[in-house]
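Data first, discussion second: the structure below is written as structure tokens.
The values are calculated or read from the model by the stated rules, or taken from the named source; none is laboratory data. All values reported here derive from a predicted model rather than from experimental measurement. Positions of Cβ are backbone-derived with ideal geometry, glycine not excepted, and every protein chain shown enters the neighbour counts. Heads up: the accessible areas ignore ligands, DNA and RNA and are worked out on the full protein's heavy atoms, side chains in. Shrake-Rupley method; radii C 1.70, N 1.55, O 1.52, S 1.80 Å.
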Amino acid sequence: VRNLEKKFGEHEVLKDISFDLFEGDVVCIIGSSGSGKSTLLRCINHLETPTSGQILYHGYPLTKDAQTINRFRSQVGMVFQQFNLFNICMKYLEKVGMAPYVKAKPHQLSGGMKQRVAIARALAMEPEVLLFDEPTSALDPEMVGEVLSVMKQLANEGYIVEDAPPQELFNNPKEARTREFLSRFMQG
Ligand code: ADP
Ligand code: MG
């Protein structure tokens, strides 16, 4: 994101925002209500058109033509504050622990369950980026945990346990998980 600005009329909501996101990053945006968190996410996904500045994806600026934006959107899933559900597939329901409810109607699910299904729907696009806009703010407190734990689990899926030159990684691994993994090959 480069020098992003968004105005609604005279109201300047986003001012000169620049940051980078890399594969595996988990980034949180915090701020008071009305400070522009949703607007920032919506600009990233081009649900809002930035007033100025650029969103670059894999180094390429997004142009305003519909085809480019649609291709980009298919790589960037979004989970909203309010869950809106449509058809999704089993694989992703399993990922969020909702496969047993495949035949349930939305009104038969709790808020936490609906939001887990909404996460599955976003995952079904196999996006490279997932934007979460306060996905737990509309939930009763006792349902927040189940949604957060699904998000944590997803964040850990593409995790690089250790990154080091081969000599160091094989001879002197720092992480317990790397040691344990390598020991299976080094035996005998
Ligand atoms: P947050 O998500 O941090 O609560 P928002 O991004 O929803 O904040 O809103 C930031 C500001 O932009 C608010 O003052 C809000 O009223 C205003 N705003 C958001 N969307 C629009 C819009 N479509 N038209 C006019 N003002 C908007
Ligand atoms: Mg918001």
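Worth a mention:
The rows are residues; the columns are (1) assigned to a loop (DSSP other than H, G, I, E, B); (2) on the phi > 0 side of the Ramachandran plot; (3) touching a helix residue (DSSP H, G or I) at 6+ places or on another chain (Cβ under 7 Å); (4) within 13 Å of ligand 2 (Cβ to nearest atom).
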position: Leu4; (1), (2), (3), (4): no, no, yes, no
position: Lys7; (1), (2), (3), (4): no, no, no, no
position: Phe19; (1), (2), (3), (4): yes, no, no, no
position: Gln67; (1), (2), (3), (4): no, no, no, no
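- Out of Lys174, Lys114, Lys103, sole residue that is under 26 Å from Thr39 (Cα atoms) and charged (D, E, K, R): Lys114
- Qualifying residue in the range 108-123 (condition: touching a Leu at 6+ places or on another chain (Cβ under 8 Å) and open to solvent by 40 Å² or more (accessible area, probe 1.4 Å)): yes
- Some residue of the range 92-108 being at positive phi and of a type in the set (Asp, Glu): no
- Of the candidates Asp140, Asp163, the single residue that is surrounded by fewer than 11 Cβ atoms within 10 Å (Cβ to Cβ), closer than 20 Å to Val27 by Cβ and more than 16 Å from ligand 2 (Cβ to nearest atom) is Asp163.
- Among residues of the range 106-120 that are closer than 14 Å to Val144 by Cα, those with a beta-carbon under 7 Å from a residue that is assigned to a helix (DSSP H, G or I) and among the β-branched types (Val, Ile, Thr) at least six positions away or on a different chain give the pairs Gly112/Val147; Gln115/Val147; Arg116/Val147; Arg116/Val150; Ile119/Val150.
- Single unsatisfied condition, Met78 versus (1) in contact with a strand residue (DSSP E or B) (Cβ under 9 Å, 6 or more places away or on another chain); (2) within 21 Å of Glu142 (Cβ to Cβ): (2)
- Identity of the residue in the range 30-51, under 17 Å from Phe132 (Cβ atoms) and β-branched (Val, Ile, Thr), that ends up nearest to ligand 1 (Cβ to nearest atom): Thr39
- 1 or more residues at pLDDT below 85 and within 26 Å of the chain's Cα centre (by Cα): qualifying helices (runs of 4 or more DSSP H) within the range 117-188: 141-157, 176-186
- Among residues of the range 23-52 that are over 20 Å from Arg73 (Cα atoms) and in contact (Cβ under 8 Å) with a residue 24 or more places away in the chain, none has a beta-carbon under 6 Å from a residue that is near ligand 1 (Cβ under 6 Å from one of its atoms) and among the hydroxyl-bearing types (Ser, Thr, Tyr) at least six positions away or on a different chain.
- Test: Gly77 is assigned to a strand (DSSP E or B), more than 16 Å from ligand 1 (Cβ to nearest atom) and either of a type in the set (Ser, Thr, Tyr) or surrounded by 11 or more Cβ atoms within 10 Å (Cβ to Cβ) (or both): yes
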